[in-house]
1. If Val13 satisfies every condition in (1) surrounded by 15 or more Cβ atoms within 10 Å (Cβ to Cβ); (2) under 29 Å from Ile233 (Cα atoms); (3) over 16 Å from the mean Cα position of the chain (by Cα); (4) hydrophobic (A, V, I, L, M, F, W, C) but one, which is the exception?
2. Return the total of residues in segment 7-52 being in contact (Cβ under 8 Å) with a residue 24 or more places away in the chain, charged (D, E, K, R) and farther than 30 Å from Gln110 by Cα.
3. Quick one: count up the residues across segment 124-183 that are among the β-branched types (Val, Ile, Thr) and in a strand (DSSP E or B).
4. Would you say Ile92 is closer than 20 Å to Leu219 by Cα, without any contact (Cβ under 8 Å) to a residue 60 or more places away in the chain and out of contact with any Gly (no Cβ under 8 Å at 6 or more places or on another chain)?
5. If you scan segment 42-59, which residues turn out to be touching a Lys or Arg at 6+ places or on another chain (Cβ under 9 Å) and either part of a helix (DSSP H, G or I) or of a type in the set (Gly, Ala, Ser) (or both)?
6. Can you name every residue in segment 98-120 that is under 30 Å from Gly182 (Cβ atoms) and crowded, with 16+ Cβ neighbours inside 10 Å?
7. Can you tell me which residue in segment 72-111 is modelled with the highest pLDDT, limited to those that are touching a Phe, Trp or Tyr at 6+ places or on another chain (Cβ under 8 Å) and farther than 20 Å from Leu253 by Cα?
8. Yes or no: Leu140 among the aliphatic types (A, V, I, L, M), in contact with a His (Cβ under 8 Å, 6 or more places away or on another chain) and over 26 Å from Arg229 (Cβ atoms)?
Amino acid sequence: MKEIYRRLLTGIVYVVILLAAIFLSSDAFDFLFMAFGLACLFEFKRMTKLKGYYIFTGYLALWWAFIYFINDFAYGQSIINVLMFLTITINITLLFYLFSKKEKIFTVVQKFIVGLFYIGGGCIFLTMIPYRDNDFAKLLIMGIFILIWVNDSFAYLVGKSIGKTKLFSSVSPKKTWEGTIGGLVFALFAAYIMAKFETHISLIQWLILAVVIVVSGNLGDLLESKFKRAAGIKDSGAILPGHGGMLDRLDSLIFAAPFAYLTLNIFTHVS
């Protein structure tokens, strides 16, 4: 019971900080996720035994360039699309690692590239998502967080209640197909509600976005679980009492962010 209260308190503090940053200003949101990205990279670095501090320098340089400078260039969006392509390519490559039964030994260069794009790129695109039509769409980014939270919460509740069929027992033995489907159904319901408040995208687009976020988010969660299994650890860190590390908290969002950003861009061009 004490552990449940600790998890609940940590979760409330996390949500309050996040929502405060979103509604305070775009700069507060940007800097919060720059800091979250550094924390995730620190945990990834320790988990994969990546030596040196070059990964932090690379991430900060990439973050400052794409958040504050690239958009001012004539071909800024094209450069952003290149980063999006590289990030999604790395993520898809990591899915081969996730589903491979062979043990994979990453080289130092591979660890650097994976950390820079899988985590760094994910945080950058998560930061970019709310900037729509020269406006900071607070409800849009809040809606994306809600979709992840609803999916995670109801996947756990449904899985605990009726879950019997294991989803991927070799990586995450507690996850079930029933929980995964339950999380998706409730996330679609949350998307339906969000469409009534956030009108940057239509109801159909909200539902599509929910599917993209839930599917890619679940893959991101499984991927981080595989990294932890390979490292022989239960949590990526201990910064969040009762929840583990920052990467444990953001693994779904970080992996889903570039796919969500691509989906929103497609909506913009199709509209």
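The values are calculated or read from the model by the stated rules, or taken from the named source; none is laboratory data. As the structure is a prediction and not an experimental result, all values here were calculated from the model. Cβ coordinates were reconstructed from backbone atoms using ideal geometry, including for glycine residues, and neighbour counts include every protein chain displayed.
1. Unmet for Val13, out of (1) surrounded by 15 or more Cβ atoms within 10 Å (Cβ to Cβ); (2) under 29 Å from Ile233 (Cα atoms); (3) over 16 Å from the mean Cα position of the chain (by Cα); (4) hydrophobic (A, V, I, L, M, F, W, C): (1).
2. 1
3. First, the residues of segment 124-183 that are among the β-branched types (Val, Ile, Thr): 124, 127, 129, 141, 144, 146, 148, 150, 158, 162, 165, 171, 176, 180-181.
Filter once more, keeping what is in a strand (DSSP E or B): 176.
The qualifying residues number 1.
4. On the way: closer than 20 Å to Leu219 by Cα: yes; without any contact (Cβ under 8 Å) to a residue 60 or more places away in the chain: yes; out of contact with any Gly (no Cβ under 8 Å at 6 or more places or on another chain): yes.
Considered against the rule, which asks whether it is closer than 20 Å to Leu219 by Cα, without any contact (Cβ under 8 Å) to a residue 60 or more places away in the chain and out of contact with any Gly (no Cβ under 8 Å at 6 or more places or on another chain), Ile92 comes out as yes.
5. At the first step, the residues of segment 42-59 found to be touching a Lys or Arg at 6+ places or on another chain (Cβ under 9 Å) are 44-45, 47-53, 55-56.
Phe44, Lys45, Met47, Thr48, Gly52, Ile55, Phe56, listed by residue number.
6. So the first thing to find is which residues in segment 98-120 are under 30 Å from Gly182 (Cβ atoms), and the list is 98-101, 118-119.
If the condition is that a residue be under 30 Å from Gly182 (Cβ atoms) and crowded, with 16+ Cβ neighbours inside 10 Å, then Leu98, Tyr118, Ile119 are the ones that fit.
7. Here the answer is Ile79.
8. Values: among the aliphatic types (A, V, I, L, M): yes; in contact with a His (Cβ under 8 Å, 6 or more places away or on another chain): yes; over 26 Å from Arg229 (Cβ atoms): yes.
Yes.
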